[in-house]
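Worksheet: one structure, shown below.
The values are calculated or read from the model by the stated rules, or taken from the named source; none is laboratory data. All values reported here derive from a predicted model rather than from experimental measurement. Glycine also receives a Cβ, built like all others from the backbone with ideal geometry; neighbour counts cover every protein chain displayed.
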Amino acid sequence: MNERSHVILQNYEQEMAYSLTEHTDVFSGDNLSRLKKFLYLMEGVKLYTIVGCLSNFIIYIIMSTKMRNEISLIFTKRTHNGTNERDTTQSQIHRNHRSNKIEMHLIQETGNRRTNEIEMNLIQETGNRRKNEIEINLIQETGNCRTNEIDMNLIQEIGNRRTNEVEMNLIQETGNRRSDDKNKNSDTRNEFGSKTIA
């Protein structure tokens, strides 16, 4: 078993072709023709895997710009012996400057958005504070108006009571004076009547 696995690891295509001819009936014919068909099949699978790996690698090269720049630097060094290095480094510097400018613009835009959001929040908070202050002032003013009205009503009631008391006192005093005057008149009449009789 160990020898078989060792052989499979060393020569995978041939051993898989032998095992497929022994254990399957996919192809018809004698064992030699079936073995050839399985060998061709395994070689085709190997070629497909190579093409698939190469296509992935080619896609990776196409997609990655840094890899393309590095490969172009390598080829330009070999062909021109460093004459175009300055041009490529300058182009890389320009590309780096452009990418840095784009990054800085993005950072500034996000910073400006954040500052605008903070300013909007502060404006909303101050607006809410002002509304609350206005409402509190209105409540205080209405409360003060009510207390002032109550005070005025109390003062008016006290004033009315006092005027009523003063009027009652005046009425009583005038009534007392009138009764005193009547008493005096009756006394003088009585005295005058007694004098005339005598």
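Quick notes on this one:
- Breaking point among (1) of a type outside the set (Ser, Thr, Tyr); (2) closer than 30 Å to PHE75 by Cα; (3) modelled with pLDDT under 75, for ILE102: (3)
- A count restricted to segment 6-46 and to residues that are surrounded by fewer than 10 Cβ atoms within 10 Å (Cβ to Cβ) and either assigned to a loop (DSSP other than H, G, I, E, B) or among the hydrophobic types (A, V, I, L, M, F, W, C) (or both) stands at 5.
- Boolean, ILE50 is in the same structural domain as LEU20 (by TED's automatic domain parsing) and modelled with pLDDT of 75 or more: yes
- For segment 30-48, a residue qualifies if it is of a type outside the set (Lys, Arg) and either under 13 Å from GLU13 (Cβ atoms) or in contact with a helix residue (DSSP H, G or I) (Cβ under 7 Å, 6 or more places away or on another chain) (or both), and the qualifying residues are ASN31, LEU35, PHE38, LEU39, TYR40, LEU41, MET42, GLU43, GLY44, VAL45, LEU47, TYR48.
- Note on segment 61-80: among residues that are farther than 20 Å from SER99 by Cβ and modelled with pLDDT of 80 or more, the one that is surrounded by the most Cβ atoms within 10 Å (Cβ to Cβ) is THR76.
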